[in-house]
Amino acid sequence: MFNIIFKKIFKKSPTAKQKKLIVAILGVLAVALAGSNFTVLDKLFGINNYLTNQIKINNKADNINKSVANNEDEFIGNYLVTRIIDGDTIEINGGEKVRYIGLDAPEKGGCFSEEATLKNQELVAGKEVRLEKDKTGRDKYGRLLRYVYVDDVFVNEKLVRDGFAYAQAYSPDIGRQAILNDASQFAWQNNLGIWQACARILE
């Protein structure tokens, strides 16, 4: 019975949640009608408007949730850096981890890892950064893959050029790899950072 009435009013079948809502409202209506001067028609129109508004609100919430889900890889723009994880990874407000594109800093415990982490901290800790995306939204660990800027400083390039990270291409995110490769060549030629402290042949 509810299905037929609901479909006539709203042109679609009710969900389980909406069925419960209808039952509750009809119960309230039965009590209200017993001692009210309003007509039944007035009551029904009121219920119709209420249900319509509730459905609009629910649909809007559903659309927002779908939008968030569809755009979970679209973290671009300005964000506050809340934590430095290591030489090539940070955390931004909201708890998302961001892995810098196109480079590879020493792993924790490895040669020059502490220096790389401290340099990353110096560059971005507590600052507002601008995130820019290449092709891939996230890596296999769920981290956002981004180019990171502080004002006009390209942080990815700065870490590589000063010898705190190696240039490392990860296809298909290679839109600015030439810049990072040039920075790595500069650090190697000038024997900076890891190129002086750690033995590695430039690839």
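Below, the figures for the structure above:
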{"read-out": "Count of the range 138-174 residues which are small (Gly, Ala, Ser) and within 21 Å of the chain's Cα centre (by Cα)", "value": "1"}
{"read-out": "Residue satisfying all of: in the range 94-126; modelled with pLDDT of 95 or more and surrounded by fewer than 13 Cβ atoms within 10 Å (Cβ to Cβ); farthest from residue 171 (Cα to Cα) among these", "value": "126"}
{"read-out": "Matching residues in the range 155-172 - criterion: being in contact with a strand residue (DSSP E or B) (Cβ under 7 Å, 6 or more places away or on another chain) and part of a strand (DSSP E or B)", "value": "166, 167"}
{"read-out": "Any hit, the range 187-201, residues being of a type outside the set (D, E, K, R), assigned to a loop (DSSP other than H, G, I, E, B) and under 21 Å from residue 83 (Cα atoms)", "value": "no"}
{"read-out": "Top-ranked residue of the range 167-182 - restricted to ones that are more than 13 Å from residue 104 (Cα to Cα) and hydrophobic (A, V, I, L, M, F, W, C), ranked as surrounded by the most Cβ atoms within 10 Å (Cβ to Cβ)", "value": "179"}
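The values are calculated or read from the model by the stated rules, or taken from the named source; none is laboratory data. Just so it is clear, the model here is predicted, and its values are computed rather than measured. Neighbour counts run over all protein chains shown; Cβ positions are idealised from the backbone, glycine included.
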